[in-house]
Amino acid sequence: MRTDSSPGTLPAREHLPAGHAGTPVLDVVIPVYNEEKDLRPCVLRLHEHLTRTFPYAFRITVADNASTDTTPQVAARLEAQIPELRSFRLEQKGRGRALRTVWSASDAPVLAYMDVDLSTDLNALLPLVAPLISGHSDLAIGSRLARSSRVVRGAKREFISRTYNLILRGSLQARFSDAQCGFKAIRRDVARELLPLVEDTGWFFDTEMLVLAERAGLRIHEVPVDWVDDPDSTVHIVRTATDDLKGVWRVGRALATGSLPLDRLVRPFGDDPRDRELTGVPRGLARQLVGFCVVGALSTLFYLLLYSVFRSFSGPQAANAPALLVSAVANTAANRRLTFGVRGRDRAVRHQAQGLVVFGIGLVLTSGSLAALNAATSDPAHSTELAVLIAANLAATVLRFLLFRAWIFPDRREEAPAQRAEAPWNAPDRPYAAAPAPTAPQAPPTAPAGQGAPYTAAPSAPYGSSAPHAPGGSHNPYASRGSSRPRAGEAADAPWDATAQLPPVRPHDNDPRTSR
């Protein structure tokens, strides 16, 4: 599967238009589990900060992960007190499950989350989401490991955090600096395509989302943060580390086999004139040429090593053929994956067969050169043989690149992408390759005169209705707000359009942000 040539399903990045007053641009999710003490001060502090500093309408969503204390009651009282706050309860634990459920149901074009302990300084929130609002980036993360970050925490957690990120860099080639900082944001259009590929529902959710986004070529913006460790954190470090290492192995194996359909996340170029297509210029030629040269140089060294080994107990022709055959198979496999970006096993046998045809051409050139050398000199020196083979391989390399590019791995960017059927996100036995691109009916855009096509909120039941809480003290904010609301815990395993949309915030008449 070629991620560099597929048109993907994401549109070009655009600045979010200024919507109507009261329409939430940002939805900040706070996942909680048994946080009855910290929830209220966290929400009040976050709400005060957003009201004072954030220039757009916003929403705060409390995602309760099956708490067993009075957290649901605290969230219900806050919801009644703060117009911009909504609460959502799940009957299953898992931070990743909570984020995916609320993010999938939200109508806000920018989705964020932060930990309830507010370890991260809130002054980094606007810099976090600004690149997503402007259309510059697809995801944004807070980084405690950036050079300008200021972090206060113990040596043990510092060591664990840095070791984990070194593991990600060494095993998954991750280039982002901090995977587990509880301070992240994503554009809703990106979440729609990316989240169905993320299988983890716990703490590894963040890492898996970032690795897949980075491998797909999405732009990740990092914000240095000031961060103070919470000494009362309930995170189980050993269990979390074990689950994370299992997740690293699973994702690494999926990436190695090419079973992840990352091509659906490819974005087209933007409006920069330098990004516009030029007629008559092959796509990706410079990058492919550099990759081919690197692979060719390594293949040549490998070939010469094999030739020297075989030459020690056989003649030149008998040593040349197997050395060239083995190096040709390795060269085709390396160019297939690294130079031309072909992943997975699709048409792999065909590509190797075509590569053997190219191998035959190279064999004719090199064998003919050796035959000519032996005809000219009865007993040539070994260094002379190597020099002749290098010259013949240079000629064969040029021809090989042209055949690879035009015949074996042609650019199929103009081909229409195949239609993909829908499938639930969290099917327990669903392999990566079976994760289809979700399709959703597009609502017709509406915007005030003079504005571009804005994000559109999915239809939802109004929040104006009210009803008494369910008996027994449990509170389901969706139970009395229309039958279309999901039952507790079921939205996490449903397709995109099976979940109800969280409605926009309805501003009060005295809301100071209504004039915007």
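Bear in mind that the values in this text are calculations on the coordinates, not laboratory data. Every value quoted in this text rests on a predicted model; they were computed, and no experiment measured them. With ideal geometry, Cβ positions are generated from the backbone for all residues, glycine too; neighbour counts draw on all protein chains shown.
List of remarks:
- Between Val329 and Thr257, the modelled labels are 2.2 nm apart [label points 7 Å from Cα along Cα→Cβ].
- Burial order of peptide ranges 170-178, 347-355 (average beta-carbon count within 10 Å, highest first): 170-178, 347-355
- Gyration tensor (Cα) of region 1-148, equivalent ellipsoid semi-axes in angstrom: 27, 19, 16
- For region 106-248, convex hull of alpha carbons as volume per residue, Å³: 114
- Packing-based order for 189-202, 359-372, using average beta carbon neighbours within 10 Å, highest first: 189-202, 359-372
- On the beta carbon distance between Lys156 and Gln92, with R0 = 22 Å, the FRET formula returns roughly 0.15.
- Pair Leu386, Cys293: separation of 7 Å Cα→Cβ label points (nm): 2.3
- Compactness of region 59-133, expressed as Rg and Dmax over alpha-carbon positions, Å: 13.1, 38
- Whole-percent P(r), region 284-396, all Cα pairs, 5 Å bins from 0: 2, 12, 21, 23, 18, 11, 7, 4, 2, 0.
- Cα gyration tensor shape for region 160-200, rounded if a/c is under 1.5, else prolate or oblate: prolate
- Qualifying lysines (Cα of each under 28 Å from Cα of Lys37; at least 8 residues distant if same chain): Lys93, Lys156, Lys184
- Computed extension length for Arg52-Asp379: 109.0 nm, one decimal, from 0.36 nm per residue of separation with the Cα-Cα distance subtracted.
- Bins of 10 Å, starting at 0 and running to the largest distance - Cα pair percent for region 346-400: 24, 41, 23, 10, 2
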